[in-house]
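The values are calculated or read from the model by the stated rules, or taken from the named source; none is laboratory data. All figures in this text were calculated on a predicted structure; none of them were measured in a lab. Here the Cβ positions follow ideal geometry from the backbone for every residue, glycine too, while neighbour counts run over all protein chains shown. Surface accessibility is based on the protein's heavy atoms, side chains included, excluding ligands, DNA and RNA. Shrake-Rupley method; radii C 1.70, N 1.55, O 1.52, S 1.80 Å.
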Amino acid sequence: MRIHPVLLRALLTAVVAEISDEQRAALASGTTTARIAAEDRLVDDLMAVMAMADRSGV
């Protein structure tokens, strides 16, 4: 996977901007289980966006 660094930053910024308030609260949670689940969801979202960009040849 080779994505231009500027495009990658834009994609990551867009994904983070779309995080719901619920997910933001979970990421800041003192509860380890909730925080880990939110982190996993964020990583899944980031990987999906990068894969889409890679498939489109960007």
query = What GluC sites (Glu not before Pro) does the chain have in DSSP loop regions with at most 11 other beta carbons within 10 Å?
reply = E18
Loop trypsin sites (Lys or Arg not before Pro), the stretch 1-35 (other Cβ atoms within 10 Å of the site Cβ: 12 or fewer; DSSP) = R2
key: Accessible-area composition of the chain, carbon plus sulfur, in percent [1.4 Å probe]   = 59
key: Computed Rg/Rh of the chain, alpha carbon atoms with Kirkwood Rh   = 1.06
task = Along Cα→Cβ, 7 Å out, is where each label goes; now give me the distance between the ones at S29 and M47 in nm to one decimal.
result = 2.0
key: Length-normalised contact order for the chain - Cα pairs under 8 Å, 6+ apart - percent   = 51
ask   = Per residue of the chain, what 222 nm ellipticity follows from adding -39500 (n - 2.57) for every DSSP H run with n ≥ 4, rounded to the nearest 500?
value = -24500 deg cm²/dmol
key: Whole-Hz couplings from phi, Karplus 6.51/-1.76/1.60, listed for the stretch 10-23; x for Gly and Pro   = 5, 5, 5, 4, 5, 5, 5, 5, 8, 5, 6, 4, 4, 5
